[in-house]
1. Quick one: is Asp142 under 19 Å from Glu154 (Cβ atoms) and crowded, with 17+ Cβ neighbours inside 10 Å?
2. If we keep just the residues of the range 38-58 that are surrounded by fewer than 18 Cβ atoms within 10 Å (Cβ to Cβ) and farther than 20 Å from Ile146 by Cα, which is farthest from the chain's Cα centre (by Cα)?
3. Inspect the range 114-128 for any residue being free of Cβ contacts under 8 Å to residues at least 60 places away in the same chain, of a type in the set (Asp, Glu) and outside any loop (DSSP other than H, G, I, E, B) and give the result as yes or no.
4. Residue by residue through the range 145-168, note down the ones that are crowded, with 19+ Cβ neighbours inside 10 Å and small (Gly, Ala, Ser).
5. Restricting to the range 23-48, name every residue that is closer than 11 Å to Phe12 by Cβ and basic (Lys, Arg).
6. List pairs: first residue in the range 26-37 and in contact (Cβ under 8 Å) with a residue 12 or more places away in the chain, second residue part of a loop (DSSP other than H, G, I, E, B) anywhere in the structure, Cβ distance under 7 angstrom, at least six positions apart or on different chains.
7. Do you know which residues across the range 11-25 are in contact (Cβ under 8 Å) with a residue 12 or more places away in the chain and loosely packed, with under 11 Cβ neighbours inside 10 Å?
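Laboratory data are not the source of any read-out in this text; all were calculated from the coordinates shown. Every value quoted in this text rests on a predicted model; they were computed, and no experiment measured them. Please note: Cβ atoms are built from the backbone with ideal geometry, for glycine as well, and neighbour counts cover all protein chains shown.
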Amino acid sequence: MTMSLYEFEMIFSLAGPFGDPDDIVNALFEAGCDDAIIGVAKRDRIGLGFAREAKSAGQAMAAAEREVRKALSGAELIEVRPDLVNLSDMAERLGYSRQNMQKYASGNGGSFPHPAHVGAPDVWHFYDVLLWLRDEKQVAVDGTLIEVSFAAAEINARLQSERLAIQQRRIAI
């Protein structure tokens, strides 16, 4: 199997506030995250944007998660992106106008996927939109982007399932 380049983001919660951001960056680099752009805006959160070669998006994400956990004791994965996107996110990622995406979503573009959440704003799983564009609109969509967004959704579903199991135990007490 050939290697492909996968671009994705991971958001982690840290065990506590960190000190010098350079220490975090150095620890991540030494653990193998030399292919990530690291953001440390919040005192107890860290975001990493990866551009990683691997045999699959899932393998790239699993390795990245392991490396972050190795570097940052107590780090907990909160979310992987791209997964849930609003119309503006879609437009930006795909190079379309927001109005164009709104036209599709409002039904003028065919059987647009149902949102994963209806609210202000509505959000969709990105892979649903990408598959719709590919299959219904015959738009050339990068297969690695579909794979990345689907793998992100799988990991996020697993994380949510784990959180629900913890809360279920708390409710049963």
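1. So Asp142 fails the test.
2. Checked the range 38-58; the qualifying residue farthest from the chain's Cα centre (by Cα) is Arg43.
3. Yes, the range 114-128 contains at least one residue that is free of Cβ contacts under 8 Å to residues at least 60 places away in the same chain, of a type in the set (Asp, Glu) and outside any loop (DSSP other than H, G, I, E, B).
4. Selection gives Ser149, Ala151, Ala152, Ala153.
5. Lys42, Arg45
6. Every condition considered, the pairs that remain are Ala27/Leu72.
7. Just the residues of the range 11-25 that are in contact (Cβ under 8 Å) with a residue 12 or more places away in the chain, to begin with: 11-18, 21, 24-25.
Scanning the range 11-25 gives Gly16, Pro17.
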